[in-house]
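The values are calculated or read from the model by the stated rules, or taken from the named source; none is laboratory data. What you are looking at is a predicted structure, and each value in this text was computed from that prediction instead of being measured. Cβ coordinates were reconstructed from backbone atoms using ideal geometry, including for glycine residues, and neighbour counts include every protein chain displayed.
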Amino acid sequence: MKIKSYSSIYRIMHWAIALSMILLLITIFLRATWLNKNHVAEIIETYLKANTDVTLTHNQAIKLAKTIRSPMWNWHIYLGYVLTGLFAVRFSLPLFGRMKFQNPFDKENSFIDTSKAWTYILFYICIVISLVTGLLVVFGPKSIHHTSEEIHVLSIYYLLAYIALHLGGVLWAEFKKDKGIISRIISGNKENEK
C-alpha cells in the first residue's frame, strides 16, 4: 500500500484554514455565551444598580454591551477576510498543478474515496456560501442584509458537522487503514511503503 505524503503547501494551507475556522468558531462561541449582548447588558445593569446612582434603560445597556463586544466581533470579520483569501488561494492552486481536487467520477476510486471526494465538494460549496454571505453582510446592499445574515448564521451547523466528520474520519484512518496520517499532515514525512 502506498502511503500518501503531504507537501509543504498542502500542510500550510490545511493548518491555516483549520486555524482560521477554529478562531472563527471561538468568536461565535464568545458571542453566543460570555459576550452575548443580553448577558453583558444584564451585568452592566446589575453593577450600576448596586454600585452607582447611574441608571440605563435596557436598550441603552444593550447598546453599551454591543460596543463592549465590538472589538472581539471585528476579529470574526477579519478572520472571514483571511479565510476568503485562503480559499481563493486554495481554489487557484490546482491551476498550478498543486492540491488538485479529487474527482468523484473516477472509476478507479473506491467507495470511500468517492465519498470523501463528494464530502469535500459539499464542504467547499458550503464554505463558498458562508464566505459570500459573510461578505454580503458587510458590503452588500441593505435590501439583502437580513437574508444574507440568516444564511450566514446557519453556517455554524455545517461547519460543526464537517469538523466532527473530518476528525472522525482522520481518527478512523489513523487506527484502521492509514496509520501515521496525523503525523504526516503535521510533519509531511512519509513512512516507508508497506
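Close contacts from segment 65-81, counting a first residue that is more than 15 Å from His152 (Cα to Cα) and modelled with pLDDT of 95 or more and a second that is among the hydroxyl-bearing types (Ser, Thr, Tyr) and in a helix (DSSP H, G or I), with Cβ to Cβ under 7 Å and a gap of 6+ residues or different chains, come to Trp75/Thr27. Scanning segment 141-155 for residues that are surrounded by 13 or more Cβ atoms within 10 Å (Cβ to Cβ) and either part of a helix (DSSP H, G or I) or among the hydroxyl-bearing types (Ser, Thr, Tyr) (or both) gives Ile144, His145, Thr147, Ser148, Glu149, Ile151, His152, Val153, Ser155.
Criterion applied to Lys194, Lys179 was being loosely packed, with under 11 Cβ neighbours inside 10 Å, farther than 18 Å from Tyr10 by Cα and either at pLDDT 95 or above or not polar (S, T, N, Q) (or both), and the one residue passing it is Lys194.
Each row is one residue, and each column tells you yes or no for (1) of a type outside the set (Lys, Arg); (2) within 22 Å of Lys116 (Cβ to Cβ); (3) without any contact (Cβ under 8 Å) to a residue 24 or more places away in the chain.
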position	(1), (2), (3)
Ile129	yes, yes, no
Gly140	yes, no, yes
Thr147	yes, no, yes
Tyr158	yes, yes, no
His166	yes, yes, yes
Lys179	no, yes, yes
Arg184	no, yes, no
